[in-house]
Amino acid sequence: MAIKIRNKQEIEKMRRAGAVVKEALDRITEHCKVGVNTAELDDIACQTAAEYGAETLFKGVRSPYTIIPFPGAICASVNEQVVHGLPSRGVFLKEGDIFSVDFGVKLDGYCGDSARTIAIGEISSVKRRLMDITLRMLEIAVQEIAPGKKWSSIAAMMQKTAEDAGFSVVRDLVGHGIGTQMHEDPQVPNFVSQHLLKDDILLKEGMVLAVEPMVNAGRKSVKTLRDGWTVVTRDASPSAHFEHTIAVTSNGSDVLTA
């Protein structure tokens, strides 16, 4: 792995990119109501990025599963959709849905990336607990990240939090390093595997990670739909997703998308 170490000036540029992402997600959250279609929310993200002169990261990205590049600025995933849902004029939010929105920008050459899951009206107790547990996993990462720690120790805590609640951590998708590119080394799993234990990540000051727990209410298995993008749970159980761009500092962690 070629994990880049960022200096303070670079991290401040990433914080500015992260502030644009947070602004867009806050605006989207305010507009997430019954009857809103997900393309309207995509428009909000595009407008916010344009206001700040930022480039959206997801639109036009290529996938090995389809010749169609990603069409939106946001990933708009509803209920059993884990990630990479396509924003659409024909998909309307309904009472009881949970809506996961992922957004990233590049500003002045540096990236920010964040995601959150939003309740639409009154949701079931299972969905509420799923959201709470997934957010708690991200909070654990923020609390535990510090120089000298191995990522496997943090991933183990995150995984245990999900599984103790009766939920499962998605294995097919993980977090990532981030900097001048959206996806950089290392891969940042939310679970412990033999691969991680063999090639663990020793956290160092200046590393910047996009940590993004993805948790299913049912089994961990997922599949990609025929559109080549949308990842869903195989058992149709709901899924939640939270993400922050986090810098490792001498004192611990610094959330750049907060």
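Tabulated values for the structure
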{"item": "Residue under evaluation residue 104, criteria (1) buried (at least 20 other Cβ atoms within 10 Å of the Cβ); (2) assigned to a helix (DSSP H, G or I); (3) among the small types (Gly, Ala, Ser), criterion not met", "result": "(2)"}
{"item": "Residue within segment 220-234 that is closer than 19 Å to residue 170 by Cβ, at pLDDT 95 or above, in a strand (DSSP E or B) and touching a Phe, Trp or Tyr at 6+ places or on another chain (Cβ under 9 Å) present", "result": "yes"}
{"item": "Scan of segment 38-58 for residues that are assigned to a loop (DSSP other than H, G, I, E, B) and crowded, with 17+ Cβ neighbours inside 10 Å, ordered by number", "result": "54, 57, 58"}
{"item": "Among the residues listed as 173, 209, the single one being outside any strand (DSSP E or B), of a type outside the set (Asp, Glu) and touching a residue at least 12 places away in the same chain (Cβ under 8 Å)", "result": "173"}
{"item": "Matching option when the condition is crowded, with 24+ Cβ neighbours inside 10 Å, under 17 Å from the mean Cα position of the chain (by Cα) and either in a loop (DSSP other than H, G, I, E, B) or among the hydrophobic types (A, V, I, L, M, F, W, C) (or both), among 245, 257", "result": "257"}
{"item": "Only one of 90, 85, 60, 72 that is without any contact (Cβ under 8 Å) to a residue 40 or more places away in the chain and either under 25 Å from residue 119 (Cα atoms) or of a type in the set (Lys, Arg) (or both)", "result": "72"}
{"item": "Options 146, 115, 165, 155: the member that is crowded, with 24+ Cβ neighbours inside 10 Å and either charged (D, E, K, R) or over 14 Å from the mean Cα position of the chain (by Cα) (or both)", "result": "155"}
{"item": "Segment 91-106, residues that are among the small types (Gly, Ala, Ser) and in contact with a strand residue (DSSP E or B) (Cβ under 7 Å, 6 or more places away or on another chain)", "result": "100, 104"}
{"item": "The lone exception for residue 63 - which of (1) in contact with a Lys or Arg (Cβ under 9 Å, 6 or more places away or on another chain); (2) surrounded by fewer than 17 Cβ atoms within 10 Å (Cβ to Cβ); (3) of a type in the set (S, T, N, Q) it fails", "result": "(1)"}
{"item": "Filter result for residue 196 (under 18 Å from residue 145 (Cβ atoms), aliphatic (A, V, I, L, M) and in a helix (DSSP H, G or I))", "result": "yes"}
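A quick yes/no check of all residues on (1) within 24 Å of residue 116 (Cβ to Cβ); (2) touching an Asp or Glu at 6+ places or on another chain (Cβ under 8 Å); (3) buried (at least 21 other Cβ atoms within 10 Å of the Cβ); (4) among the basic types (Lys, Arg):
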{"site": "175", "(1), (2), (3), (4)": "yes, yes, yes, no"}
{"site": "190", "(1), (2), (3), (4)": "yes, yes, yes, no"}
{"site": "199", "(1), (2), (3), (4)": "no, no, no, no"}
{"site": "204", "(1), (2), (3), (4)": "no, no, no, yes"}
{"site": "222", "(1), (2), (3), (4)": "yes, yes, yes, no"}
{"site": "230", "(1), (2), (3), (4)": "yes, no, no, no"}
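The values are calculated or read from the model by the stated rules, or taken from the named source; none is laboratory data. Fair warning: this is a prediction, and the values are worked out from it, not measured in the lab. Note that each Cβ is placed from the backbone with ideal geometry, even for glycine, and that neighbours are counted across all protein chains shown.
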